[in-house]
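Scroll down for the structure; my scribbles are underneath it.
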Amino acid sequence: MADEADTVEGSAQQDAEQNQTQQTQQESQQGKLEDAKQQTPWEQNGEPFDPEKAWHLIENLRHENEDLAQKNRAYEDEKLTARQKADRDLKEAQDRLAQVQAKAAWAEARAKHPCLSEEDYDLIGAGTPEQIADKAAKLAARIEAQAASDAGRKPTNPVLRANPTGGNDPTASKSKDWVRDALENNR
C-alpha cells in the first residue's frame, strides 16, 4: 500500500512538473510571437527601415531584371531563324503602334468631349482608334444627357425648399397624446 501511494505521489509530481514545463514553453512561444508581431515587417533583425537603402535595392532589382530580359532575348534569338526574328520584331512593333494609336485616339476623344475624364477610359477600353472614338462619343452623349436632365430637376425634399406651401410640415413633431393636445387647445 505504501509503495502504491509513493508511486501515485511520484506520478502526480511528475505530471505537475510536466505541466509546468509545458506552460513555460507555451509562454516563451507566445512571447516570441508577440515580439514578432511588434516588429514591423520592414525591419529585419532589429534594423530600422532605411528608405535610401530600399530605393537602392529597388533600382538594383530593376537593373537585374533588364539584364535578365536582354539575356533571355539573346537566348531566344539564338534559337530563331532570321525570318522568325523579323516576324517577332514586326509583331512587337505593331503592338507598340496599336498602343500609341489607342492613346492618341483617347486624347483626341477627350479633347473633342471635355466631359470625359481619365477614369472613363476604363469604361471605353482598348480597341482601334475608330472604336475608341465611337465609344467615347456615345459615353459623352450619355453624360451630357444625364447632366441636362439633372439640371432641370428641383429638389423634392421639403426641408430644402425655401417656403413650403400646403400640406403638412414634415419637419414638425407630431404629438401622439391626443388628450393633452385637446386640453392645451381648449385653454
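The values are calculated or read from the model by the stated rules, or taken from the named source; none is laboratory data. Bear in mind that the values here come from a model prediction, so they are computed numbers and not experimental data. Virtual Cβ from ideal backbone geometry, glycine too; neighbours counted across all protein chains shown.
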Exercise for the section: List every residue pair whose Cβ atoms lie under 9 Å apart, where the two residues are 6 or more positions apart in sequence or sit on different chains, the first residue falls within the stretch 109-121 and is without any contact (Cβ under 8 Å) to a residue 40 or more places away in the chain and surrounded by 17 or more Cβ atoms within 10 Å (Cβ to Cβ), and the second residue, located anywhere, is in a loop (DSSP other than H, G, I, E, B) and of a type in the set (Asp, Glu). Expected result: Arg110/Glu118
Exercise for the section: May I ask you to say which residue of Lys154, Lys91, Lys103 is at pLDDT 85 or above and loosely packed, with under 13 Cβ neighbours inside 10 Å? Expected result: Lys91
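It is to be established whether one or more residues within the stretch 96-116 are part of a helix (DSSP H, G or I), among the small types (Gly, Ala, Ser) and over 30 Å from Arg142 (Cα atoms). Even if it seems obvious, please write down each step before you answer.
Within the stretch 96-116, the subset part of a helix (DSSP H, G or I) is 96-112.
Going one step further and asking which of them are among the small types (Gly, Ala, Ser), we end up with 98, 102, 104-105, 107, 109, 111.
Applying the additional criterion that residues be over 30 Å from Arg142 (Cα atoms) yields none.
Scanning the stretch 96-116 turns up no residue that is part of a helix (DSSP H, G or I), among the small types (Gly, Ala, Ser) and over 30 Å from Arg142 (Cα atoms).
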